[in-house]
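Before any comments, here is the structure.
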Amino acid sequence: MKELESKRAASQVNWEGRPVWAEIDLDALTSNVHSLQSLAGDAAIMAVVKANAYGHGIVPVARAALQAGARWLGVVCVDEGVRLRRSGIDAPVLVLGHIQAGEVNGIIENSLTPTINSLEIAHALSGAAREANTVLSVHIKVDTGLHRYGSIPRDAIALAQAVRSMHSLRLDGLFTHFSMAEDGENPYTEEQFRRFLTAAEQIPGISVRHVCNTAALLRAPHMALEIVRPGIGLYGCYPSPDLKDRLMLLPVLSLKSRIARLHRLQPGQGVSYGHTWRADRPTTLALVMCGYGDGLPRSLSNRGSVLIRGARAPIVGRICMDMCMVDVTDVPRVAEGDEVVIIGRQGNDEITADEVAELAGTISYEVLCHITERVPRLYMREGRLIEVETFLHEGKALR
Ligand SMILES: *Cc1c(COP(=O)(O)O)cnc(C)c1O
């Protein structure tokens, strides 16, 4: 761990494009997969990479997670699965979300594993699989209390029986999703688990059962069964602060910038739209090219801060779409070009996605997912840049 920390600390990239980028530390991701695996025991890890891997970039993250030992990938929709296949990934991919009849061919053509949510979908998939001369592995989701989608236990059992009679489908998996796992020691999770096991007992021949998201795995590793489905934990965030002492997870994403310009302000002068902040002393102001168009929540205006030369400097005035202003009067020797850490570590201080989320009144998941595609993703191994994913640069879009 010490070694990893020093490699992480050493990371210094020289990104020469517009000065805002996300560094994705694949060593941290690897370490998180290993840590989660140590809790999961013999259960296989399904790395949940939906929503562009929570903003981290679906393809490089999926590759790194598989390399670290994950055996499955979880996505929420067919298009995400297709993206993985087009990049050459051939590991099993479960489509966790609700699917529509129009997506059936995409599932077959790309060998994705769908979640069957109705008899109609089962028939459509079975027909398409027969036509393609293949047998499609499928999972069924049991709604044990989240009340979002999935079939209530009685319907799941009936659906399983119907699927079993369709020779082009093979029912391999059964799963559920918890509604309170991040919510302290809530007995409802155990209740959902019991309901799930009761339903599973009535559907023989299932080879993989899975119920654990990150929170459930951290809180109740005895529920690991055959597969666990961590998402946020892979990315080094905790689904709830009370779970921090269960496992050492390392943040994977840092959002960084450089000071584009310094200028002086006289007392009384206002900053940014609406002049919601005014200098009350001679002030040095840094222009930072990161705004809500990059994913920095506008609600951090006059509330958030960034790290510059290891010190915290407050964001002043309204955050704009493309930039924000930072009061650096108290940062010694501040200079144009200095690294600005918006999320991540610098010196001895760290701003976590959780801290940003808390100030913005949301959760780390949303902060990470909201980092927009304008921000290049820089993939790091041992402190070195190994791959860049940008959506704007010609020829590099949507790899
Ligand atoms: C998103 C999701 C997960 C991952 O949840 P985390 O809280 O990020 O670990 C697991 N299972 C399902 C069904 C999901 O939709």
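Taken together, the values in this text are just the output of simple stated rules run on the coordinates, not laboratory data. Owing to the predicted nature of the structure, the values given are computational and were not obtained by experimental measurement. With ideal geometry, Cβ positions are generated from the backbone for all residues, glycine too; neighbour counts draw on all protein chains shown.
Of note:
- Per residue, the average separation of C-alpha pairs within less than 8 Å and at least 6 apart gives the chain a relative contact order of 17 percent.
- Separation between Cα centres of the stretch 237-305 and the stretch 22-61, rounded to whole Å: 27 Å
- Taking Ser272, Ser257, Ser31 in turn, the Gaussian network model of the chain (Cα-Cα springs below 10 Å) assigns the largest fluctuation to Ser272.
- GNM result for the chain, Cα springs below 10 Å: residue of Thr189, Thr284, Thr352 fluctuating most strongly: Thr284
- Positive-pole candidate from Pro314, Ala122, Cys212, dipole of the chain, charges at beta carbon: Pro314
- Charge context of Leu36, other residues only, Cβ under 11 angstrom, K/R +1, D/E -1: +2
- Selection among Pro376, Cys77, Ala28 by position relative to the dipole of the chain gives Pro376 as farthest towards the positive end (Cβ unit charges, Cα centre).
- Kirkwood-Stokes translational diffusion coefficient of the stretch 182-262, alpha-carbon pairs, 4 °C, 1.567 mPa s, µm²/s: 87 µm²/s
- With θ taken as phi - 60° and the Karplus curve 6.51 cos²θ - 1.76 cosθ + 1.60 applied, the whole-hertz 3J(HN,Hα) list for the stretch 166-178 is 9, 6, 8, 10, 10, 7, 9, x, 9, 8, 9, 9, 8 Hz, x standing for glycine and proline.
- Its Cα centre serving as origin, the stretch 157-226 has a Cβ charge dipole (Lys and Arg +1, Asp and Glu -1) of approximately 340 debye.
- DSSP assigns beta bridges within the chain; of those with both partners inside it, close to 55 percent run antiparallel.
- Computed lengthening from Asp183 to Ser299, 0.36 nm per intervening residue step minus Cα-Cα distance: 39.2 nm
- Options Ile203, Leu243, Leu112, ranked by Cα towards positive dipole end of the chain, top entry (Cβ charges): Leu112
- Förster-model FRET efficiency, 22 Å R0, Val135 and Ala101, C-beta, rounded to 0.05: 0.65
- In units of the rule-of-thumb radius 2.2 N^0.38 Å, the stretch 120-267 shows an alpha carbon radius of gyration of 1.45.
- Cleavage-rule hits, trypsin sites (Lys or Arg not before Pro), the stretch 317-390, DSSP coil, Cβ neighbours within 10 Å at most 11: Arg333
- When +1 charges are put on Lys and Arg Cβ atoms and -1 charges on Asp and Glu Cβ atoms, the dipole computed for the chain relative to its Cα centre reaches about 500 debye.
- Per-selection Kirkwood Rh - the stretch 85-204 (Cα, Å, 1 d.p.): 15.0 Å
- For the stretch 11-88, radius of gyration divided by Kirkwood radius, i.e. Rg to Rh on alpha-carbons: 1.03
- Across the stretch 237-247, computed HN-Hα scalar couplings (Karplus, 6.51 cos²θ - 1.76 cosθ + 1.60, θ = phi - 60°) run 10, 9, x, 7, x, 6, 9, 4, 8, 7, 7 Hz from first to last residue, x flagging Gly and Pro.
- Loop GluC sites (Glu not before Pro), the stretch 108-187 (other Cβ atoms within 10 Å of the site Cβ: 12 or fewer; DSSP): Glu185
- Modelled label reach - Glu226, point 7 Å along Cα→Cβ, the stretch 97-140 residues with backbone N closer than 14 Å: 137-140
- Around the Cα centre of the stretch 133-256, unit charges on the Cβ atoms of Lys, Arg, Asp and Glu (plus for the first two, minus for the last two) sum to a dipole of about 340 debye.
- Kirkwood hydrodynamic radius (C-alpha pairs) into Stokes-Einstein, the stretch 265-399, 20 °C and 1.002 mPa s, D in µm²/s: 134 µm²/s
- Under the span-like rule (Cα at least 20 Å along the axis, Kyte-Doolittle mean at least -0.5), DSSP H helices of the chain: 26-40
- Taking other residues whose beta carbon is less than 9 angstrom from the beta carbon of Thr189, and scoring Lys, Arg as +1 and Asp, Glu as -1, yields -3.
- Structural descriptor for the stretch 1-150: relative contact order 14 percent, calculated from alpha carbon pairs under 8 angstrom and at least 6 residues apart.
- Amide H partners (placed H, <5 Å) of Ser301, local residues excluded: Ile319
- The relative contact order of the stretch 162-280, computed from alpha carbon pairs under 8 Å that lie at least 6 residues apart in sequence, is 17 percent.
- The slack between Asn110 and Asp280, meaning 0.36 nm per residue of separation minus the straight C-alpha distance, is 55.1 nm.
- Cα-based Lys pair tally, the chain, threshold under 27 Å, eight or more apart or on separate chains: 10
- Once the Cα gyration tensor of the stretch 1-158 is diagonalised, semi-axes √(5λ) in Å: 35, 19, 14
- Sites matching GluC sites (Glu not before Pro) across the stretch 286-375 that sit in DSSP coil, with at most 12 neighbouring C-beta atoms within 10 Å: Glu336
- Volume of the convex hull of the chain (Cα atoms only), normalised per residue: 146 Å³.
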